[in-house]
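The values are calculated or read from the model by the stated rules, or taken from the named source; none is laboratory data. Since the model is a prediction, treat every value here as computed from it, not as a measurement. Reconstructed Cβ throughout: ideal geometry from the backbone, glycine too, with neighbour counts over all protein chains shown. In case anyone asks, the SASA skips ligands and DNA or RNA and just uses the protein heavy atoms, side chains included. Shrake-Rupley method; radii C 1.70, N 1.55, O 1.52, S 1.80 Å.
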Amino acid sequence: MTDTALAPLAAALLEAATRAGADAADALAVDGTSVSIGVLNGALEQAERSEGIEIGLRVLVGNRQACVSASDTSADTLREMAERAVAMARLAPEDPYAGLAEAAQLATVRDGAALDMNDTGADPDPATLEAMALEAEAAALAVDGVAQVSNAGAGFSRRQVHLAATNGFAGGYARTDHGVHCVAITGEGNTMERDYFGDGRNHASDLMSPSEIGRLAGERTVARAGAKKPPTGAFPVMFDERISSGLIGHLLAATNGTAITRGASWARDLLGEQVLPKGLSIIEEPHRPRTSASRPFDAEGLPTADRLIVDDGMLTGWTLDLSSARKLGLTSTASATRGTGAPPSPSVGNARLTAGDLSRDALLQQMGTGLLITSLIGSSINATTGDYSRGASGFWVENGEITHAVNECTVAGNLRDMLRGIIPANDARPHLSRVVPSLLVEGMTIAGA
């Protein structure tokens, strides 16, 4: 279904809400199709396809709101949804901060054409996806030392979104996603180790070749052979580019308006303070082309724009939707996101951290002796204090050179201290939503052997 077909559906929901007694309402219609193929030992193992339309309605009766959703688009369902939502809203507690945007706040760009997220080529058929998965599996198995491939797959999805509201907003955009991944294993029994590689793009033409994806998965896996626990103590730690965005993600979560209004954030008193080293910035880039988290407007119809979250190491503001902004007496940063069954909430999409001057290998030389983390498991992070503890695996580094793989260890620290001392490399992949290079943290506690 195209946006032109979703638009009347959203409009019909708004009309039904008004008839049912809503003072204001917004409606979200999503049409999605996805196909995923998995192979094992050179044969098809799994094939899944899903498609359907989901609709969501938020109504406001005075300062009370309620949300309902459905996957049936019949006229009777739209009417029943609206009546149920209005009845729910009348029983809901008052929320003085709930409400739609004013007409003057709304975005004038109502489509995503400039973002180039939609591959207009033919959708790949299951046979094509299976061939891609098999190619990745074969390439991984061809790497000397790979014992087996536990999972290789390819997938495709196409998603169309349309948002409309009684304040006059109506707009939508489409996005496609192509992906290939491979997970390989080396060794057996207690010496078994695994690793992976995958690539995902909006356009099929940008996707890495399946053979390269499989080869990289195999090479990463073989490098993990013979892993053992690292020593216990205080050492510098480097978060490899494949997982470093999670570290920045903790800062983005701590500066989210919802966490701030609840007082449940270790960053609640850091506005205008240094949170990263001087010279480093984090910029949100919602209009970056061919990137999955790009969006021309947010889930409340506000115009998105580049935004400095951290400027030269200093935290400049919170990530806000309309509700959290009203609670804090501030202005929305056009960061609202939502699904069909819930009201909007703030979230950061694309984000980029300032790159450093050194390659990852050069930064390892600077690190000297310490731990290079390539995988994290589990999580014990105190959202209020910032205390950080996670299981990790990766490689031990001596005198700037990788000596052997490590596993079964824990790294611990405090996010405030960790982030204020990070040193970035220059190896970030620019097509990802979170463009974050490998990050060196000068001092952490490692619990190993």
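How do the strands (runs of 3 or more DSSP E) wholly within the stretch 115-204 filter down when requiring 3 or more residues that are of a type in the set (Val, Ile, Thr), crowded, with 17+ Cβ neighbours inside 10 Å and modelled with pLDDT of 95 or more: which remain?
Correct list: 170-186.
Restricting attention to the stretch 390-412, the residues that are open to solvent by 10 Å² or more (accessible area, probe 1.4 Å), on the phi > 0 side of the Ramachandran plot and either polar (S, T, N, Q) or not in a strand (DSSP E or B) (or both) total 1.
More than 22 Å from residue 161 (Cα to Cα), acidic (Asp, Glu), modelled with pLDDT of 95 or more and touching a Ser or Thr at 6+ places or on another chain (Cβ under 9 Å): does that describe residue 31? No; evaluated as a whole, the condition is false for this residue. Restricting the search to strands (runs of 3 or more DSSP E) fully inside the stretch 1-76 and requiring at least 2 residues that are under 30 Å from residue 138 (Cα atoms) and small (Gly, Ala, Ser) gives 24-40, 43-61.
Reported count of residues in the stretch 79-102, each being under 16 Å from residue 23 (Cβ atoms), part of a helix (DSSP H, G or I) and open to solvent by 70 Å² or more (accessible area, probe 1.4 Å), is 4. Cβ-Cβ distances below 6 Å connect the following pairs, each with a first residue in the stretch 420-449 that is open to solvent by 10 Å² or more (accessible area, probe 1.4 Å), a second residue that is among the aliphatic types (A, V, I, L, M) and not in a loop (DSSP other than H, G, I, E, B), and a separation of six or more residues or different chains: 423/440; 424/439; 428/435; 434/351; 443/234; 445/234; 445/412. Of all residues in the stretch 334-380, those satisfying the criterion of being open to solvent by 50 Å² or more (accessible area, probe 1.4 Å), part of a strand (DSSP E or B) and farther than 25 Å from residue 291 by Cβ are 377, 378, 379, 380. The combined condition, being farther than 30 Å from residue 303 by Cβ and under 29 Å from the mean Cα position of the chain (by Cα), is not fulfilled by residue 88. Screening the stretch 279-325 for residues that are hydroxyl-bearing (Ser, Thr, Tyr) and within 30 Å of residue 207 (Cα to Cα) and picking the one that is most open to solvent (accessible area, probe 1.4 Å) gives 292.
From the list 38, 62, 42, the lone residue that is of a type in the set (Gly, Ala, Ser), surrounded by fewer than 18 Cβ atoms within 10 Å (Cβ to Cβ), within 30 Å of residue 178 (Cβ to Cβ) and at pLDDT 95 or above is 42.
Among the residues of the stretch 229-242, those identified as closer than 30 Å to residue 351 by Cβ and either outside any strand (DSSP E or B) or not hydrophobic (A, V, I, L, M, F, W, C) (or both) are 236, 240, 241, 242. The residue pairs whose first member lies in the stretch 259-276 and is more than 16 Å from residue 327 (Cα to Cα) and at pLDDT 95 or above, whose second member is among the hydrophobic types (A, V, I, L, M, F, W, C) and open to solvent by 50 Å² or more (accessible area, probe 1.4 Å), and whose beta carbons are closer than 6 Å, counting only pairs six or more residues apart or on different chains, are 274/314. Filtering the stretch 295-333 to residues that are in a strand (DSSP E or B) and not hydrophobic (A, V, I, L, M, F, W, C) leaves 303, 307, 311, 319.
Only one entry of 292, 245 meets the criterion of being under 17 Å from the mean Cα position of the chain (by Cα), over 29 Å from residue 410 (Cβ atoms) and either polar (S, T, N, Q) or part of a strand (DSSP E or B) (or both), and that entry is 292.
From the list 76, 144, 111, pick out the single residue that is of a type in the set (D, E, K, R) and within 30 Å of the chain's Cα centre (by Cα).
111
Kindly evaluate residue 403 against the criterion of being without any contact (Cβ under 8 Å) to a residue 12 or more places away in the chain, over 23 Å from the mean Cα position of the chain (by Cα) and farther than 16 Å from residue 234 by Cα. Against the criterion (without any contact (Cβ under 8 Å) to a residue 12 or more places away in the chain, over 23 Å from the mean Cα position of the chain (by Cα) and farther than 16 Å from residue 234 by Cα), residue 403 qualifies.
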